[in-house]
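Structure, as structure tokens:
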């Protein structure tokens, strides 16, 4: 019987050690930079591996990315047409790394539901699992992760920012016409991909769970943590906002926000309560 891994407990001066495993057949090389910057928020990427058939011409765009970000390529030949051997190689490596006992969490980069059971198994071992994939990722894989980040929110510049950058770089004579065209293109792009509607019931539930029974006020950070627990793909950027505070401020009919002291002598923090609780 195989012994369970001994997970190293982080100290106050130690960052969580993360293993980043990328399904290169199912991810874009262009997003690796923003992806690793996002992962740095959660801990230290001690291992970075990308899996694929690197003899294929389709993987040529990855070469510079692997070198620039010190990612180790793991070669996996496609033994049979229509069968994805890459998934198996990634899963086997993940289990080996898990049993090494050297990691606090895993970052699984793929939009493939085949990694659902892997995410579940890693969590069963007490490890945190961050998933990264496109919005088309099946719900089963999203739900199997502690937190899931849609890679669409990691794109460097939204269309509107690009339009502004183009307009500012043009001569005055032509700026007006081109800026108008760029703005029009940005509007079309925005229309094609509208921000999802805010799930009021989930956010209201999070505020209620975190709220003080007497005052109804809840710490905004606690609300955000609770949202991640009940909705792994929770991310303010998914709804077109940079932070949770900005997102809730858009709905003054639902939420009241103030910068307050949670207790006497404590530092000021952003607090939120349901509007119905204040009435």
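Residues 271, 95, arranged from fewest to most other Cβ atoms within 10 angstrom of their Cβ, appear as 95, 271.
Using C-alpha pairs below 8 Å separated by at least 6 residues, the relative contact order for segment 17-154 is 26 percent.
Between residue 64 and residue 152, how high is the FRET efficiency from 1/(1 + (r/R0)^6) when r is the Cβ-Cβ distance and R₀ = 22 Å? Nearest 0.05. Don't skip to the end; give the middle numbers.
Working: r = 23 Å, r/R0 = 1.03.
So, using R0 = 22 Å, E works out to roughly 0.45.
Approximating the spin labels as points 7 Å out from Cα along Cα→Cβ, the residue 237-to-residue 254 distance works out to 2.1 nm.
Going from the residue with the fewest nearby Cβ atoms within 10 Å to the one with the most, 137, 151 rank 151, 137.
The numbers here are math on the coordinates, done by the rules we state, and not lab data. What you see is a predicted model; the values in this text were computed from it and never measured. When we count neighbours, we look across all protein chains shown, and the Cβ atoms used for this are built from the backbone with ideal geometry, even at glycine.
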